[in-house]
Amino acid sequence: MNRSCVNCLKTMVVTLNFLCWLCGAFVVALGEFQMIHSKFASLVTTFWPIYPANTLVVTGTIVTCVCYVGVLGGMRENRCMLITFFVLLFILMLVELAMACVFLVYSREIDTYFERDLTQSLEIYRQSSAEGNKTIKDDFDAVQHLFRCCGVHGVEDWKGDVPISCCTQDPCNILIHTSWQEGCLVKLRSWFARNYVSTGAGVVTMFIIQFICLCITVPLFCHFRRHGLGYQ
């Protein structure tokens, strides 16, 4: 392999890994933004790792670290960094595939736990005093106001003690008002599904870039090994 081919491969490795690094950094920033501004975290506690914001932060952090090793290995023509990058990237791709399979196979079980968490949060809301469990109350009120829903399966879940956040009017008449009839479970499921569709599209895009990086790293590493380069 002549020097021009090596330079071309090295440039591709560095460019693609830098692109992946930027994508990972953006994913971390997006996850942190969702964590700060989200109103649903306290309502879903059983499967907190599947919450979109947590998934984005963890995935983005791992991707940025792995791709940083790839960028340095390509720029410095370091065999040790390249093989480390190859192994870490291969493991990362396997984990991504495993997570996709878990979500696909256990989607029904996840829905069941999601429904149970919302029901428990509603019961805590109902049984709390006026100043108790403010976080759950504020989050549940925010969900009902934002998604225009009431209760988990419907307004009947509140058993007559319907909070003002279920009111259909804005501003709402506290004494006489109508409430949303549709439950929040269906709407939150749709919201989570939309988040995971966009997250999944981003993960697929990164997976394709990672696979290309994996394929390019092999001939570059073999060239350095053949010529005894890459440990300086």
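For the reader, a short list of remarks on this structure follows.
- Debye intensity ratio I(q)/I(0), log10, the range 98-209, q values 0.12 Å⁻¹ (C-alpha model): -0.52
- Neighbourhood net charge (15 Å Cβ-Cβ; Lys/Arg +1, Asp/Glu -1) for Arg79: +3
- Computed lengthening from Thr112 to Leu97, 0.36 nm per intervening residue step minus Cα-Cα distance: 3.1 nm
- Within the same chain, aspartates and glutamates fewer than 8 places from Lys134 are excluded, and of the rest, none has a Cα less than 13 Å from its Cα.
- Excluding same-chain neighbours fewer than eight residues apart, the aspartates and glutamates reachable from Lys159 by a Cα-Cα span under 17 Å are Glu123, Asp141, Glu182.
- For the range 59-196: accessible area per residue (Å², 1.4 Å): 57 Å²
The values are calculated or read from the model by the stated rules, or taken from the named source; none is laboratory data. All of these numbers come straight from a predicted model, not from anything done at the bench. Backbone-built Cβ (ideal geometry, glycine too); neighbour counts: all protein chains shown. Calculation scope for accessible area: heavy atoms of the full protein, side chains included, ligands and nucleic acids excluded. Shrake-Rupley method; radii C 1.70, N 1.55, O 1.52, S 1.80 Å.
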